């Protein structure tokens, strides 16, 4: 039964996984049913990734998995075994805000902050794929992230500003 | 020479952003205390049933389960939840609101038991195994149905399911209607909404048996109110309850109330001797967090044939849900009835509101809280009047605005609007969209069969809650003064302690701006502390757009007291008279002798040493103010919504949305705009797609984000926010509130636009949400 | 929200996965992208005792033209179809379908095979592939099998895939130069299931007439369905507005929508007509290019 996962399943049903989180390799034993978001929040104490709903709609739990934005509430930690995960905590380097974080600050792209980590990471992926997105492309790129505070106006503005900053416009 | 400090009115970047952007926000669910156990609530799937039996045997067998508790088990530890707004002259009935259901459940989602376990997952596993026997009873979901004779009674204390009957009259409304050339009648449904803040609610309670102190971390908009209510519910001394509400991910009114489950979690912490953590699932939030709106309104408007409005009659039936939540009775009455004249010089009005109990989730404040319900009907009636008289709806508005030179203006319904220049905001909005050109385009479009609509919404609203004597006279169990301490530390840095509790509105920045402007101390040196009953003075919290005018007013007054005290000390140190000192950019200097000066930082140090103080002046440079405003504040504005309708599908696309709002003095224009953007979209959400839907058995069908539709970035239109500035004469900084104006204005702007587009089809009114199918049916007469 | 506990296995080959399905029987469910299954498990509407994660099995995410077919591996993520230049150039209908479902994050993880095997009546891929003479390839204990899409959807959430089979690939006829298709979806908001969805793929002959056409409809029956009478009406005809409109009327008559929170039966039926017509118009336009 376990020829494909030899040595990784413990007697209590827990599974050993190795994930690179924000550049650091992490090895833990997890219950199969542990969601990736709960693994990040509870096991690794990276509470910047948030849980906003039960049905994979709100996007507050968005992280980057091997560079792609995914809803960490809709995958199990075991599925991330061997992968590289970037959470919001992994963006700022040496105490300096990433340009995208800076752009959100300069353009009032957040209010209560709860949806913000998810939005920022979704926007990260968008900007990695599309250097100069149109407004429509931005709105589509963040359409998996619900915000109840900002009306999205300044989020769109922030992403556009980030695009400019990141493409050397500043 | 000190750098010129210009902080007020500047779009200073927010100080709170760094922690949110780097994932270091401290939301309640993020916190862990050693030894924490986890609670999950067992909730009734029935909307109305006798609670026969609860059997926890199978649940208790799950490893890690510590206990399953019912109302019986917690008897004596947790009392009923009080209502804090018992409106007078309304024959209000306040039946008991138990923390856990005792013999009867009255709405689907009411908690009947709580499971506590070592892990969240095992608590959830156990919750599924608690066996509850219910004896279903007949259900009423709709308020008019609940009033019918023969309807099942929810509470013995409330015959006919009537919670209250509240009247308000101003002027001679019968005379107004007699005088009228035309009377417009309509029925509106302002549908039930689910606030859906992105952060679900959470609470962590911990009890220290040594100090006998209970500490509760909770998602609250008003920690002190939670503390006060919990002291009553738990029978615990108020000063031994410590409520901390750290970062809160949106509230919109839904985090004002003290919820039964929050009290239960506290009682469990005391009983079990371990911290107890509860985090709401979203589907739990949908049924167990208060809903908003849910009015049925019958309105009559009397006017002359040239469009002058003479009077208005409103009969509203408000669905209160199964129990009266914390602020609930005042929302559809006090915050609704006084505003039925809107921005117009109406001489007479009559309002009757009946509050009704139904087998649904309790209804309480939701962004706008009573004012959207009022201004929606006013602005829709104005458009209906315009249509009846074949007048331009812009002209009808302009004709009826209270003129700018008439303020402060006592309205017929009994309040006094503080300041206003409705015409200026109106003209600005219409000019921005080039209203005349739009109407010309519309004429042309209609000839081609294209459906284009222009909707106006000219509102004024009541916020900045509020003058305590007025508020208490309406039955609110608390004054609504603002509180602050401005403390200049020995090293010249500042902490502002405020009774507000912002949760996205930016006061960590704006209050720093107020103080920076008053004291000439840089914004970076000023921190704002809020949300902790141990740190801040007694405070009434953040809702009702009160934080800027009332709490901010208190901050300004405290800062001015600090400045005045500093002046006394500086004068003494400089051996000058107070009147001979200038105070500019943080420095006191003797007029004519610029080298004789003391910075406020030096004064702060001197006040700390306190060895050379003037007579009668106490050490330390700080001041506290409890500011009771003289009046509410009344922000106003005009919004314009332009839409195009696809006649084949009924889909509506917003071509343009322009908001011109006047919230008086603006501390930070960038933050003001942000509040307008967010507020507008919530109102548009109601108009376009949101609705809490129950089936006839009382089951909430819209219990997740798949079915309860809140706009994403693709449904949200562009929103242009501009402003005029008409300060409030009675406010220390001339400021009004702006947190709810967007929501108060936008639903009717959108509906007026769509109805305008559909005018060729002769449909007078459609109720929100204006789904494509509703619009399609109006077009195709189905 | 936590699902009930389960055992987790991650086979490294299809053969192994098939073996595990035989071993665990109906205690097990296959996990691909998880975007349909995991939400159901969190709400405890599905509580398999074993999850067989096929997400890492190599060779199941191909997108390539091979002989007469376009082959799409079952583990192809929706996003990859949206992005692949070959698909964007020659199979616009598939880009439409991919783009219409979920949101960017869901599209990053969700798979075409998973969506098809889940067989929601509103399945966008179901309607889109019905617009082709598509073949679904499965591997089971007895080897490989090919199922025609017309035999694939049996009932709501029920397909022809046997309990011990894994869906490995979808194959559609390679697009010709005079082919065009479109998928249009009416939805209440982004991320929602279709209120109605209309997919069509057609080919024009040398005279510019409709040589062949298929129409798939989503959310208007217990499974995605074909609008066969509409197809028959169009075959051989010049693609004039009137012919397309008439076909759309027939499609609306063949639809079997039910009233729910997304709309009444009457409205949905009327929208089938509108969206079928619009999809046909777009497909014709694309075929002509």
Practice problem: Please state which of the following conditions residue A:131 fails to meet, knowing it meets all the rest: (1) touching a helix residue (DSSP H, G or I) at 6+ places or on another chain (Cβ under 9 Å); (2) in a helix (DSSP H, G or I); (3) more than 7 Å from chain B (Cβ to nearest Cβ); (4) farther than 24 Å from residue B:251 by Cβ. | Solution: (2)
Exercise. Select from segment B:268-296 the residues that are more than 28 Å from residue B:335 (Cβ to Cβ) and part of a strand (DSSP E or B) and list them in ascending order.
Key: B:276, B:277, B:278, B:279
Quiz item: What about residue A:114, is it closer than 27 Å to residue A:26 by Cα and within 7 Å of chain B (Cβ to nearest Cβ)?
Solution: yes
Practice problem: Filter segment B:718-731 down to residues that are more than 9 Å from every other protein chain (Cβ to nearest Cβ), touching a strand residue (DSSP E or B) at 6+ places or on another chain (Cβ under 7 Å) and part of a loop (DSSP other than H, G, I, E, B), then give me how many there are. | Solution: 6
Exercise. Would you check which residues across segment A:92-111 are farther than 19 Å from residue A:150 by Cβ and more than 7 Å from chain B (Cβ to nearest Cβ) and list them?
Key: A:93, A:94, A:95, A:96, A:98, A:99
Quiz prompt | Residue count, segment B:1-38 (criterion: within 14 Å of another protein chain (Cβ to nearest Cβ) and within 29 Å of the chain's Cα centre (by Cα)) | solution = 22
Quiz item: So which pairs qualify, if the first residue must be in segment A:131-157 and within 18 Å of residue B:673 (Cβ to Cβ), the second must be surrounded by fewer than 24 Cβ atoms within 10 Å (Cβ to Cβ), the Cβ gap must be under 6 Å, and the two must be at least 6 apart or on different chains?
Solution: A:154/A:107; A:157/A:107
Quiz item: Do any strands (runs of 3 or more DSSP E) entirely within segment B:142-239 hold 3 or more residues that are away from every other protein chain (no Cβ under 14 Å) and surrounded by fewer than 18 Cβ atoms within 10 Å (Cβ to Cβ), and if so, which?
Solution: B:162-170, B:182-193
Exercise. Starting from residues that are more than 14 Å from chain B (Cβ to nearest Cβ) and crowded, with 20+ Cβ neighbours inside 10 Å, keep the ones in segment C:255-281 and report whichever is nearest to residue C:187 (Cα to Cα).
Key: C:255
Practice problem: Determine whether residue C:197 is within 14 Å of chain B (Cβ to nearest Cβ), in contact with a strand residue (DSSP E or B) (Cβ under 9 Å, 6 or more places away or on another chain) and not in a loop (DSSP other than H, G, I, E, B). | Solution: yes
Quiz item: Listed residues A:24, A:29, A:69; which is farther than 20 Å from residue C:54 by Cβ, away from chain B (no Cβ under 12 Å), in contact with a helix residue (DSSP H, G or I) (Cβ under 8 Å, 6 or more places away or on another chain) and modelled with pLDDT of 95 or more?
Solution: A:69
Exercise. Among the numbered conditions (1) within 11 Å of chain B (Cβ to nearest Cβ); (2) under 22 Å from residue C:29 (Cβ atoms); (3) free of Cβ contacts under 8 Å to residues at least 40 places away in the same chain, tell me where residue A:14 comes up short.
Key: (1)
Self-check item: segment A:54-79, subset in contact (Cβ under 8 Å) with a residue 60 or more places away in the chain and within 20 Å of residue B:30 (Cβ to Cβ), residue nearest to the chain's Cα centre (by Cα)
Solution: A:62
Exercise. Report yes if some residue within segment B:438-455 is within 29 Å of the chain's Cα centre (by Cα) and crowded, with 16+ Cβ neighbours inside 10 Å; otherwise report no.
Key: yes
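Rundown of residues vs (1) assigned to a strand (DSSP E or B); (2) farther than 24 Å from residue B:509 by Cα; (3) in contact (Cβ under 8 Å) with a residue 40 or more places away in the chain, yes/no style:
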| position | (1), (2), (3) |
| --- | --- |
| B:647 | no, yes, yes |
| B:657 | yes, yes, yes |
| B:666 | no, no, yes |
| B:670 | no, no, yes |
| B:692 | no, yes, yes |
Quiz item: Any residue in segment A:37-49 that is more than 10 Å from chain B (Cβ to nearest Cβ), surrounded by fewer than 22 Cβ atoms within 10 Å (Cβ to Cβ) and either part of a helix (DSSP H, G or I) or touching a residue at least 24 places away in the same chain (Cβ under 8 Å) (or both)?
Solution: yes
Self-check item: Given (1) under 30 Å from residue A:136 (Cβ atoms); (2) within 22 Å of the chain's Cα centre (by Cα); (3) touching a residue at least 24 places away in the same chain (Cβ under 8 Å), number of the condition residue B:712 does not satisfy
Solution: (3)
Quiz item: When segment B:240-252 is examined, which residues are found to be surrounded by 23 or more Cβ atoms within 10 Å (Cβ to Cβ) and within 29 Å of residue C:43 (Cβ to Cβ)?
Solution: B:248, B:249, B:250, B:251, B:252
Quiz item: Residue check, residue B:678 against (1) crowded, with 24+ Cβ neighbours inside 10 Å; (2) touching a strand residue (DSSP E or B) at 6+ places or on another chain (Cβ under 7 Å), all met but one. Which one?
Solution: (2)
Practice problem: Can you give me the number of residues within segment B:469-481 that are in contact with a strand residue (DSSP E or B) (Cβ under 9 Å, 6 or more places away or on another chain) and closer than 9 Å to residue B:628 by Cβ? | Solution: 2
Exercise. Could you run through segment B:417-428 and say how many residues are touching a residue at least 40 places away in the same chain (Cβ under 8 Å), part of a helix (DSSP H, G or I) and in contact with a helix residue (DSSP H, G or I) (Cβ under 9 Å, 6 or more places away or on another chain)?
Key: 3
Quiz item: Pairs under 9 Å by beta carbon, first residue without any contact (Cβ under 8 Å) to a residue 24 or more places away in the chain in segment B:143-167, partner surrounded by fewer than 17 Cβ atoms within 10 Å (Cβ to Cβ) and part of a helix (DSSP H, G or I), six or more apart or different chains?
Solution: B:149/B:160; B:151/B:145; B:151/B:160; B:153/B:159; B:153/B:160
Quiz item: Do the conditions hold for residue B:414, that is, is it in a loop (DSSP other than H, G, I, E, B) and closer than 30 Å to residue A:148 by Cα?
Solution: no
Quiz item: Among the residues of segment C:62-79, which ones are in contact with a helix residue (DSSP H, G or I) (Cβ under 7 Å, 6 or more places away or on another chain) and in a loop (DSSP other than H, G, I, E, B)?
Solution: C:74, C:75, C:76
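The values are calculated or read from the model by the stated rules, or taken from the named source; none is laboratory data. Being a predicted model, the structure only gives us computed values, none of them experimental. Cβ: placed from backbone, ideal geometry, glycine included. Neighbour counts: every protein chain shown.
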